Amino acid sequence: MLNFFKQLLFSNKHPIIKEKTFFVWEPCSKSHSEVVPGYAKHLIDLGYHVSVLLTPERYKEGVFSRFEDENIFKNISFNKLNQKQIRKYFQNSSLDNVEGLMVTTAGKLCDEIHFDDCYKSFKDNVDKSKILFVCHEAKEAVDNNQNLNDIITLRKLNYKNASSTVVNPNYFGKIQITPKNKEITNFITIGAIQGKRNNNDLVINAAKKLINLGIKNFKITVIGKGHLKHLPKDIQKYFDIKGRLPFDKMYDEIEKADFLLTSYTKNNPKHFRYITTGTSGSFQLVYGFLKPCIILKDFATINGFNENNSIFYENDEDYFEALKKAILMSEDDYINLQNNLKEYVRDLNEISKQNLLNLINSKKQAKYE
């Protein structure tokens, strides 16, 4: 499959355009590309041919490595243009030969307050009705009284009664929905393990308490920066720090895991964005791979989690109880969590596709009014 996929990468000077083509452009060269497969899938489901514009290194890292469905491949093209070439193309294109364009990180084209400034990256006479923008952090825009109804966010906003168009991307391709591991419960966390991060204390202290109780049939897989030397020696063997992984390897590790760990705390202002104006990439992995998460109760509902599809902790000191519950959970109860999560994700995707279709149509209609 990988060799076949490599053959689909083109070095064209211009993007590939076919009948009913919709561009999906990720202008950020380092992050946010994990949303591109999900947005591409929504557009394909709506009947478009998707032409992907993405920093070539992300292809090499396997962000589309699980796109194995032949029906999807018939309706998607991959362009091996760098960001400079992409920007040059859009500065000279009026988009009259395509159905539309989704820019998956508007913040790379403007300050995420004045979204009209994004159009400066395009030709003067570009058809603005064809361009959709995705905002990953809406706080500044809301604080500056910007109307976000035509701006896509990954989740419903929960801040000053602001509204946006919610389109959640959580499709990564063909994945294995795996049952709970029988011998060792495998928790996975995405992010750094470093001494300077206060929320690491939640995970470290929970591991200590579990071991002191004689509960040792678990491990914590860490994808991200960090080193075992940052951990107390008596718990190091319970951690498997993978470092930064390419997408294909990360997908493999998530499939092998049982629960995805979050480590939010009530007293950390930096975490408030996950229940107000932003979201976490970890949630997309929970949705896409049907991996129940351990999550602070205050952060659950707005992100679609409840006691039937995840495990809550109400306070920092309860964190280890949540991990203990996960370790002791039966295979049948685990399957129930996955099934309930699957039901939520199915509804989320249907709503997302309908919202996306409504936005495309409303922008077209507004053009002629």
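The values are calculated or read from the model by the stated rules, or taken from the named source; none is laboratory data. If you're wondering where the values come from, they're calculated on a predicted model, not measured in any experiment. Glycine gets a Cβ as well: all are built from the backbone with ideal geometry, and neighbour counts include every protein chain shown.
Can you report the number of residues in the range 48-65 which are in contact with a strand residue (DSSP E or B) (Cβ under 6 Å, 6 or more places away or on another chain) and surrounded by fewer than 21 Cβ atoms within 10 Å (Cβ to Cβ)?
1
Which condition breaks for Asp347 when tested against (1) in contact with a helix residue (DSSP H, G or I) (Cβ under 9 Å, 6 or more places away or on another chain); (2) assigned to a helix (DSSP H, G or I)?
(1)
Given the residues Lys342, Lys325, which is the only one that is of a type outside the set (A, V, I, L, M, F, W, C) and touching a strand residue (DSSP E or B) at 6+ places or on another chain (Cβ under 8 Å)?
Residue meeting the stated conditions: Lys325.
List pairs: first residue in the range 300-325 and buried (at least 20 other Cβ atoms within 10 Å of the Cβ), second residue charged (D, E, K, R) anywhere in the structure, Cβ distance under 6 angstrom, at least six positions apart or on different chains.
Ile311/Lys325; Phe320/Lys209
Out of the residues in the range 201-230 that are surrounded by fewer than 16 Cβ atoms within 10 Å (Cβ to Cβ) and modelled with pLDDT under 85, state the one that is farthest from Ser263 (Cα to Cα).
Lys229
Can you tell me which of (1) in a helix (DSSP H, G or I); (2) in contact with a Gly (Cβ under 6 Å, 6 or more places away or on another chain) is the one Ile241 doesn't meet?
(1)
Does Phe122 meet the test of being crowded, with 20+ Cβ neighbours inside 10 Å, in contact with a strand residue (DSSP E or B) (Cβ under 8 Å, 6 or more places away or on another chain), at pLDDT 95 or above and not aliphatic (A, V, I, L, M)?
Considered against the rule, which asks whether it is crowded, with 20+ Cβ neighbours inside 10 Å, in contact with a strand residue (DSSP E or B) (Cβ under 8 Å, 6 or more places away or on another chain), at pLDDT 95 or above and not aliphatic (A, V, I, L, M), Phe122 comes out as yes.
Does the range 341-359 hold any residues that are over 15 Å from Ser164 (Cβ atoms) and among the β-branched types (Val, Ile, Thr), and which are they?
The one that is over 15 Å from Ser164 (Cβ atoms) and among the β-branched types (Val, Ile, Thr): Val345.
Here are some residues: Phe78, Phe122, Phe90. Which one is in contact with a Phe, Trp or Tyr (Cβ under 7 Å, 6 or more places away or on another chain), more than 14 Å from Val52 (Cα to Cα) and aromatic (Phe, Trp, Tyr)?
Within the list Phe78, Phe122, Phe90, the selection yields Phe122.
Looking at Ala206 and the list (1) farther than 25 Å from Leu285 by Cα; (2) outside any loop (DSSP other than H, G, I, E, B), which single condition is not satisfied?
(1)
All but one of (1) surrounded by fewer than 20 Cβ atoms within 10 Å (Cβ to Cβ); (2) farther than 19 Å from Tyr313 by Cα hold for Phe289; which doesn't?
Condition not satisfied by Phe289: (1).
Here's the yes/no breakdown for (1) touching a Cys at 6+ places or on another chain (Cβ under 9 Å); (2) of a type in the set (Ser, Thr, Tyr); (3) in a strand (DSSP E or B):
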position: Gly214; (1), (2), (3): no, no, no
position: Lys219; (1), (2), (3): no, no, yes
position: Lys229; (1), (2), (3): no, no, no
position: Asp234; (1), (2), (3): no, no, no
position: Lys237; (1), (2), (3): no, no, no
position: Leu245; (1), (2), (3): no, no, no
position: Tyr251; (1), (2), (3): no, yes, no
position: Leu260; (1), (2), (3): yes, no, yes
position: Tyr264; (1), (2), (3): no, yes, no
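Would you check if there is a residue in the range 154-170 being exposed (fewer than 15 other Cβ atoms within 10 Å of the Cβ), in contact with a helix residue (DSSP H, G or I) (Cβ under 7 Å, 6 or more places away or on another chain), farther than 28 Å from Leu341 by Cα and touching a residue at least 12 places away in the same chain (Cβ under 8 Å)?
Looking through the range 154-170, at least one residue is exposed (fewer than 15 other Cβ atoms within 10 Å of the Cβ), in contact with a helix residue (DSSP H, G or I) (Cβ under 7 Å, 6 or more places away or on another chain), farther than 28 Å from Leu341 by Cα and touching a residue at least 12 places away in the same chain (Cβ under 8 Å).
Is it fair to say Glu321 is assigned to a helix (DSSP H, G or I), at pLDDT below 95, not β-branched (Val, Ile, Thr) and not assigned by TED's automatic domain parsing to the domain that holds Pro37?
Spelling it out, it is not the case that Glu321 is assigned to a helix (DSSP H, G or I), at pLDDT below 95, not β-branched (Val, Ile, Thr) and not assigned by TED's automatic domain parsing to the domain that holds Pro37.
Mind checking which pairs have a first residue in the range 139-150 that is in the same structural domain as Thr276 (by TED's automatic domain parsing) and a second that is assigned to a loop (DSSP other than H, G, I, E, B), Cβ under 8 Å, 6 or more apart or different chains?
Taking only residues 6 or more apart or on different chains, not a single pair turns up.
Of the conditions (1) in contact (Cβ under 8 Å) with a residue 40 or more places away in the chain; (2) closer than 17 Å to Leu328 by Cα, Thr189 clears all except one; give me its number.
Exception for Thr189: condition (2).
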